[in-house]
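Please read the structure below before turning to the comments.
The values are calculated or read from the model by the stated rules, or taken from the named source; none is laboratory data. As the structure is a computational prediction, the values presented were derived from the model and not from experiment. Virtual Cβ from ideal backbone geometry, glycine too; neighbours counted across all protein chains shown.
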Amino acid sequence: MRKIIYPGTFDPIHNGHIDIATRAAKLFDTLEFVVAVNVEKNPLFSVDERLELIIESTKHVKNISVSKFTGLVVDYAKKSDSIAIIRGLRHVSDFEFEFQMAIMNFHLNPAIASIFMMPDEKYIHLNSTVVKDVIKNGGNISAFVPSVVNEALLSKYSS
Ligand code: ADP
């Protein structure tokens, strides 16, 4: 059983995340989204809301599952019998941080591989902050997020 985990904040999940996850899921038996519980980013959505949005957005892909984690990603990978961590790379600016993390993760547990994947170019400029900013200011983001996420964002900002 070859399992990979896809860690992140996912506040909220968008089509760039889904693009990476669905393509990576074809290369492994199982892909598990793991949502970071302890984030310093002050997320808009609670952990449970983020989990639910990922579940709803990926339910069409049979070998994708969703969990949350605290602590070190490599420890979670080991505990969940995963052989690798996948991360998305959009720009050179992502590279520096991801490179540092991958080297540190290798030091912490060399048995867990770090794998990087680029999204389809239409998602290369997409991130969760841009998604929230556009919708907060009345823009239409429906081409870049699943409809369930679009609705959740509209209801967050209308309340
Ligand atoms: P972080 O993990 O840095 O808090 P996210 O939860 O937004 O950020 O992202 C989780 C993972 O998804 C990271 O590897 C990030 O690089 C990747 N990612 C985010 N947006 C995109 C995108 N538009 N295309 C491909 N990968 C992305």
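Quick check, is T58 near the ligand (Cβ under 9 Å from one of its atoms), polar (S, T, N, Q) and at pLDDT 95 or above?
It is false that T58 is near the ligand (Cβ under 9 Å from one of its atoms), polar (S, T, N, Q) and at pLDDT 95 or above.
With respect to the numbered conditions (1) surrounded by 15 or more Cβ atoms within 10 Å (Cβ to Cβ); (2) in a helix (DSSP H, G or I); (3) within 16 Å of the ligand (Cβ to nearest atom), which one is the sole condition not fulfilled by V148?
Checking V148 against (1) surrounded by 15 or more Cβ atoms within 10 Å (Cβ to Cβ); (2) in a helix (DSSP H, G or I); (3) within 16 Å of the ligand (Cβ to nearest atom), the one that fails is (3).
Please specify each residue of the range 48-89 satisfying the condition of being surrounded by fewer than 18 Cβ atoms within 10 Å (Cβ to Cβ) and part of a helix (DSSP H, G or I).
D48, E49, E52, I55, E56, D75, K78, K79
For the range 10-42, which positions are in contact with a helix residue (DSSP H, G or I) (Cβ under 7 Å, 6 or more places away or on another chain), part of a loop (DSSP other than H, G, I, E, B) and near the ligand (Cβ under 10 Å from one of its atoms)?
Scanning the range 10-42 gives F10, D11, P12, I13, H14.
Those residues that are farther than 21 Å from D120 by Cα and either of a type in the set (S, T, Y) or surrounded by fewer than 15 Cβ atoms within 10 Å (Cβ to Cβ) (or both), I need them from the range 11-36; list them, please.
D29, T30, listed by residue number.
For the range 64-119, which residues satisfy the criterion of being closer than 18 Å to A21 by Cα, within 10 Å of the ligand (Cβ to nearest atom) and among the aromatic types (F, W, Y)?
Hit for the range 64-119 is F116, nothing else.
L154: among the aliphatic types (A, V, I, L, M), touching an Asp or Glu at 6+ places or on another chain (Cβ under 9 Å) and surrounded by fewer than 19 Cβ atoms within 10 Å (Cβ to Cβ), yes or no?
In short, no.
List pairs: first residue in the range 3-31 and of a type in the set (D, E, K, R), second residue in a strand (DSSP E or B) and surrounded by fewer than 23 Cβ atoms within 10 Å (Cβ to Cβ) anywhere in the structure, Cβ distance under 6 angstrom, at least six positions apart or on different chains.
Every condition considered, the pairs that remain are K3/T30.
Looking at the structure I just gave you, is H107 surrounded by fewer than 13 Cβ atoms within 10 Å (Cβ to Cβ), more than 19 Å from I4 (Cβ to Cβ) and in contact (Cβ under 8 Å) with a residue 12 or more places away in the chain?
It is false that H107 is surrounded by fewer than 13 Cβ atoms within 10 Å (Cβ to Cβ), more than 19 Å from I4 (Cβ to Cβ) and in contact (Cβ under 8 Å) with a residue 12 or more places away in the chain.
Looking at D48, is it away from the ligand (no atom under 14 Å from the Cβ) and closer than 19 Å to P146 by Cα?
Considered against the rule, which asks whether it is away from the ligand (no atom under 14 Å from the Cβ) and closer than 19 Å to P146 by Cα, D48 comes out as yes.
From I141, I135, which residue is in a loop (DSSP other than H, G, I, E, B) and more than 22 Å from V34 (Cα to Cα)?
I141
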